[in-house]
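What follows draws every value from the coordinates through simple rules; no lab data is involved. Please read these numbers as outputs of a predicted model, since none were measured by experiment. Glycine also receives a Cβ, built like all others from the backbone with ideal geometry; neighbour counts cover every protein chain displayed.
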Amino acid sequence: MHQNKAQKERVAVVGAGIVGLAHAWSAAERGHSVTLFERSPIASGASIRNFGMVWVIGQKDEAQPLALMARERWLRVANQAGVWILPCGSIHLAHREDEWQVLQEFYESHRSSERSKWLELLSREQVMQRTPAANPNGLLGGLWSSTECCIDPTSAVRAIPPWLHSHYAVDVRYSTAVVHVEPGQLRTADGNRHSFDRIVICSGDDLATLKPEVYRDQTIRRCKLHMMRTISQPDGWRIGPHLASGLTLRHYPNFQHCPTLTKLSERIAHETPELNRFGIHVMASQNHLGQVVLGDSHQYDDEIEPFDEAEVDQLILRELHKILTLPTWEMQSHWHGIYAKYTGDIAFEREPEPGVHVCTGIGGNGMTLSLGIAERAWKRWEGATE
Ligand SMILES: Cc1cc2nc3c(=O)[nH]c(=O)nc-3n(C[C@H](O)[C@H](O)[C@H](O)COP(=O)(O)OP(=O)(O)OC[C@H]3O[C@@H](n4cnc5c(N)ncnc54)[C@H](O)[C@@H]3O)c2cc1C
């Protein structure tokens, strides 16, 4: 694909999850002619099943610029495509001494960094002023971060393709599975061959159909998460920021340098080993319909069953009740989502053949980072074609 920079390419993107949409948008913005293939009649993978948290706080320091760039792009696409977005911020709640200690350590360690301007340690009373949802029983304080945004993943991921079509003439082909890719062309399930200059495979957790050999011997795993959502909360009640419990501190890598984290993790493993068995930590967000989205758990590869065990949901709810009070806990739906997680980097990005790219493996950060990861890739490819 050694074209000069001004030359426009015919680009195929496989998969209309957030990673595919991010690539389609970055390509279309550069004036390339883009075709987006999605095998389902409508996107229904991980990208519509999540909390809708643009979770900048959870990213490691080195991924912060990427996360902030992705956040800016979310605000832009939401504005242009008419997608609901709320820059709501987040609070990590501390209901135990070791949780409070970790939050203070995290805050102190960022005092002189760029991050400090977005962070604030909140007393118990300050937490209660910012959210009516924090359970006051045993609440010690919280860590506020202003960088998080909330989107409704289902409506957002389904609204972006028609906007890409109307705004950039992206050719969106639903119900069209891609069954074979090679340099310069792909084949769809109806047997038709289509020629492209560049093909970007964003097939989410399907590691078996296209280029399965690139995943061999790689640290990429599938992960299943349980989720649930309340009915709309009454009387326009709003949660305020996203909320996360102390259990979350052991899940995201950004807290790993905090000295008290080991003690906290040991305490949880000792007191509540069942939470580790199902990889449970708990968080809450609220969408534009007033529904509170709650989760989650983590089961990997061989642990993944098609059935959703009630025990997992019960444990998630048990932990949520410790940190939250909601006007209603009546559930509207329960579901699970599956993503691919690569542990070698923030994403699994490869070019197995010239002009054929694979991008997946972003794990629990796809809604936060994809718009940045795709833009970074297109900048790189643009540079390579100069
Ligand atoms: C329960 C849950 C909660 C999460 N919460 C958050 C959160 O709050 N914040 C955050 O940042 N991240 C979150 N994540 C992570 C995020 O949702 C994922 O990282 C992201 O959605 C992955 O996007 P994707 O495009 O790779 O995959 P998907 O959304 O699964 O999309 C892949 C698409 O490719 C299509 N496809 C596959 N193969 C083919 C083929 N051969 N031909 C045509 N189409 C094909 C599939 O049909 C699918 O639509 C969460 C994930 C889950 C599951």
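The table for this structure:
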quantity	calculated
Gaussian network model of the chain, Cα within-10 Å springs - most flexible of ALA156, ALA284, ALA169	ALA169
Within-15-Å neighbourhood charge of ALA94 [Cβ basis; K, R +1; D, E -1]	-1
Under-5 Å amide H pairs with ALA16, H placed in peptide plane, nonlocal only	ARG39
Rounded, prolate or oblate (a/c below 1.5 giving rounded, otherwise prolate when a/b exceeds b/c) for the range 248-291 by Cα gyration tensor	oblate
Nearest-ten-degree value, helix 261-271 long axis tilted from longest Cα axis of the chain	70
Label-point separation, LEU289 to ILE304 (7 Å along Cα→Cβ), nm	2.6
Set of lysines near LYS263 by C-alpha distance (under 29 Å), chain-local residues within fewer than 8 positions excluded	LYS60, LYS117, LYS224, LYS322, LYS341
With at most 16 other Cβ atoms within 10 Å, longest stretch of the chain clear of loop chymotrypsin sites (Phe, Trp or Tyr not before Pro) (DSSP)	85-173
Extension gain (nm, one decimal) between ARG380 and GLU29, 0.36 nm per residue minus Cα-Cα	124.9 nm
Estimated inter-spin distance, TRP329 and GLN7, nm [label 7 Å along Cα→Cβ]	6.2
Label-point separation in nm, GLU97 to GLN185, each point 7 Å along Cα→Cβ	7.0
Summed residue charge, Cβ within 15 Å of MET228's Cβ, Lys/Arg positive, Asp/Glu negative	-3
Efficiency of FRET between GLU114 and LEU75 - r from beta-carbon atoms, R0 25 angstrom, step 0.05	0.85
Cα coordinate range in the range 1-117, projected on the principal axes (Å, largest first)	56, 36, 25
Efficiency of FRET between ASN276 and TYR174 - r from beta-carbon atoms, R0 35 angstrom, step 0.05	0.30
Gain on full stretching of the segment that runs from MET128 to SER44 - 0.36 nm per residue minus C-alpha separation	26.6 nm
Near-label residues of the range 270-312 by backbone N, under 14 Å of a point 7 Å along Cα→Cβ of ILE231	290-292
C-alpha long axis of helix 97-109 to longest principal axis of the chain, angle in °	50
